[in-house]
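Read-outs: derived from the displayed coordinates by stated rules, not from any lab. Owing to the predicted nature of the structure, the values given are computational and were not obtained by experimental measurement. Positions of Cβ are generated from backbone atoms using ideal geometry, with glycine treated the same way; all protein chains shown enter the neighbour counts.
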Amino acid sequence: MIVIIVASEQENRFLEKRISIENRSIHGGTLFLEGLLGGKKILTVKSGVGPKKAKSAAKQILKRCLPSVVISIGAAGALDPELSLGDCVIVRNVLRISKDLQKEEKIFNCDKGFSQKARDCIKTGSFPVKEGDCLTTRAFIHLKEMKERLFSTYNAQVIDMESSALAEVFCSEKIPFIDIRIISDTADHDVIDMNILHRIKKNSGIAGLILYFMKSPKEVISAWRFRIALNRASIQIAGIAETLVREL
């Protein structure tokens, strides 16, 4: 069975619209959707954001099926200044680095055969596609200066929070794993600090977020721009996922 993994509710919402859902279930806090996409039986999983949730979701998948291929697809930040909003990056290698961002801990290789097939079928569609490496961190990186330093140090093209946790589980089991990232924020500017927003929402709920934005009105514009970029990336993710399933 083909397994598709996305991290966020926003990404899942657009993908779910394209699926003929036959079964919906939750296991260990992870949403599972079984159904048809592109005329094929698939399992779509919303892991949640961050490495811990991603790793837990991967383990829940292996408890319930043996995937023929795992497609991890989602939004990511650009480290490479040549990347633009909406660019599609087929990941060659996933790099995990230490909590303090100072050293590389491990490299995971994505499946070359399936990655090439994905590149070929996406190229025939309407999406620009490139290749590169993905750097996984434990927290959202929002500062331009930090992106520049990470790009200079590790020469990875994109950055996210889930890929290495997923790759670690599936690669260790020798299950074909491919990783596809859509650029939702570029390397040439700061974006809103999602770490702060998640922390405020967790501790104080919506009321806390409203108070934060009232005290920091400039952040409203930053949040709105980032939300728009994520929406556009999520729409692309859904279209690319359907194209891949149909052709793989």
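Name the residue farthest towards the positive end of the dipole of the chain from the options GLY39, ALA238, ILE26, assuming +1 on Cβ of Lys and Arg, -1 on Cβ of Asp and Glu, about the Cα centre.
Comparing the listed Cα positions along the dipole, ILE26 ranks first.
Taking Cα atoms, how many degrees apart are the long axis of helix 194-215 and the longest axis of the chain, rounded to 10 and kept between 0 and 90?
Approximately 50 degrees, to the nearest ten.
Output the 0 to 90 degree angle, nearest 10, between the alpha-carbon long axis of helix 163-172 and the longest principal axis computed from the alpha carbons of the chain.
30
I'm checking a number: the convex hull volume of the Cα atoms of the range 53-176, normalised per residue, in Å³. What is it?
106
Just to confirm the filter: which trypsin sites (Lys or Arg not before Pro) across the range 126-187 are DSSP coil and have at most 14 other Cβ within 10 angstrom of their Cβ?
LYS174
Filter the GluC sites (Glu not before Pro) in the range 33-123 down to the DSSP loop ones having no more than 12 other Cβ atoms within 10 Å, then list what survives.
Here the sparse-neighbourhood loop sites are GLU82.
Work out how much length ARG64 to HIS27 would gain on full extension: take 0.36 nm times their residue separation and subtract the Cα-Cα distance, in nm to one decimal.
12.3 nm
Can you give the relative contact order of the range 1-146 as a percent, counting alpha carbon pairs under 8 Å and 6+ residues apart?
After rounding, I find 22 percent.
What is the calculated FRET efficiency for ARG227 to GLU247, with r their C-beta to C-beta distance and R₀ = 45 Å, to the nearest 0.05?
Computed FRET efficiency for ARG227 and GLU247 comes out at 0.90.
Counting DSSP beta bridges in the range 31-159, what percent are antiparallel, to the nearest 5?
60
Helix-derived [θ] at 222 nm for the chain: sum -39500 (n - 2.57) over DSSP H runs of at least 4, divide by residue count, nearest 500?
It lands at -14500 deg cm²/dmol.
If you place +1 on the Cβ of every Lys and Arg, -1 on the Cβ of every Asp and Glu, and leave all else neutral, what size is the dipole of the chain about its Cα centre, to the nearest 20 Debye?
For this selection, approximately 720 debye.
How much of the DSSP beta bridge set in the chain is antiparallel, as a percent to the nearest 5?
Of the beta bridges lying entirely in the chain, close to 45 percent run antiparallel.
Listing CYS171, CYS110 from the residue with the fewest other Cβ atoms within 10 Å to the one with the most, what is the order?
Fewest-to-most Cβ neighbours within 10 Å comes out as CYS171, CYS110.
Relative contact order of the range 41-126, please, whole-number percent, based on alpha carbon pairs below 8 angstrom and at least 6 residues apart.
Computed value for the range 41-126: 15 percent relative contact order.
Compute the Rg to Rh ratio over the range 2-247 from the alpha carbon atoms, using the Kirkwood formula for Rh, and round to two decimal places.
Using Cα coordinates only, the ratio equals 0.95.
Restricting to Cα pairs below 8 Å that are 6+ residues apart, what does the relative contact order work out to for the chain? Please round to a whole percent.
It rounds to 27 percent for the chain.
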